[in-house]
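In what follows, a single structure is set out as structure tokens and then discussed.
The values are calculated or read from the model by the stated rules, or taken from the named source; none is laboratory data. Given the structure is predicted, the values throughout are model-derived calculations rather than measurements. Cβ atoms come from the backbone with ideal geometry, glycine included; neighbour counts cover every protein chain shown. Heavy atoms of the whole protein, side chains included, go into the accessibility calculation; ligands, DNA and RNA do not. Shrake-Rupley method; radii C 1.70, N 1.55, O 1.52, S 1.80 Å.
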Amino acid sequence: NRVQKHYLCILTTGGLIKKILPDDILNATVSGVIYSALNQGDSVRDIIIVNDKMDVVVYTSNKALRFPSTDIPERRRTALGVQAMNTRSLTVDGINSISSITTDILVITQNGKINKISPVALQSTQRNRVGFNVIKLGKNDKIISIFPYNKDKISSVRLYRADEVIDIDPLTIQCGTTLSSVVKVCNNGVIKAE
């Protein structure tokens, strides 16, 4: 059995993405190491671990794009990435991985709404395309997290608000479509979900 090679996948707010080998940063000095070049005004948004059997989903405040991690080039740590998604000037808000054991995807909004969709509803395509709708957004609302999970391995999703933490059981949320009306789970807004 050959061990699957894993990478650190780095995504910037400007939508650049690349993979580097973990060995590229494991031998960092005490003063640290540069793990990505950045354009002026850009910053690292997120880092996840992927392998070549996974897909990634990259999202902005209102769209998401799923593509194979094999579409992400392996680069040196001092190199820029390539464009992940055609965002039409929006910043990229996050990334997550989708594997063969993913059973559902939760789309969580800033106003405390959740849509649960099947991974099949967000078809895998190619990198650097315009994203797709994954939730029916209300006025002044935006996506803050896209959370793929396996219903047999996870029993709750934690939402962080300014004044409290709420644990949601994903099984209590009915599966919808990418244009579904959504379940409102809290009134005062969500800061982060995990």
Is it the case, given these coordinates, that residue 146 is more than 15 Å from residue 17 (Cα to Cα) and either in a loop (DSSP other than H, G, I, E, B) or touching a strand residue (DSSP E or B) at 6+ places or on another chain (Cβ under 6 Å) (or both)?
yes
Over the stretch 48-59, the set of residues in a strand (DSSP E or B) and either out of contact with any Gly (no Cβ under 9 Å at 6 or more places or on another chain) or within 14 Å of residue 13 (Cα to Cα) (or both) is 48, 49, 50, 51, 55, 56, 58, 59
Spot the failing condition for residue 62; the list is (1) closer than 30 Å to residue 136 by Cα; (2) open to solvent by less than 50 Å² (accessible area, probe 1.4 Å); (3) not in a strand (DSSP E or B), and only one is missed.
(2)
Can you pull out the residues in the stretch 36-47 that are hydroxyl-bearing (Ser, Thr, Tyr) and under 9 Å from residue 10 (Cα atoms)?
36
Scanning the stretch 1-21 for residues that are out of contact with any His (no Cβ under 9 Å at 6 or more places or on another chain) and in a loop (DSSP other than H, G, I, E, B), the one surrounded by the most Cβ atoms within 10 Å (Cβ to Cβ) turns out to be 15
Residues within the stretch 110-142 that are closer than 25 Å to residue 162 by Cα, in contact with a Gly (Cβ under 8 Å, 6 or more places away or on another chain), open to solvent by less than 30 Å² (accessible area, probe 1.4 Å) and part of a strand (DSSP E or B), tallied
2
Checking residue 49 against (1) of a type in the set (A, V, I, L, M, F, W, C); (2) under 15 Å from the mean Cα position of the chain (by Cα); (3) farther than 26 Å from residue 116 by Cα; (4) open to solvent by 40 Å² or more (accessible area, probe 1.4 Å), only one condition comes out false. Which one?
(3)
For the stretch 22-38, what are the residues that are exposed (fewer than 11 other Cβ atoms within 10 Å of the Cβ) and in a loop (DSSP other than H, G, I, E, B)?
27, 30, 31, 34
Please work out which one of (1) in contact with a strand residue (DSSP E or B) (Cβ under 9 Å, 6 or more places away or on another chain); (2) within 30 Å of residue 110 (Cβ to Cβ) is the condition residue 4 fails and give its number.
(2)
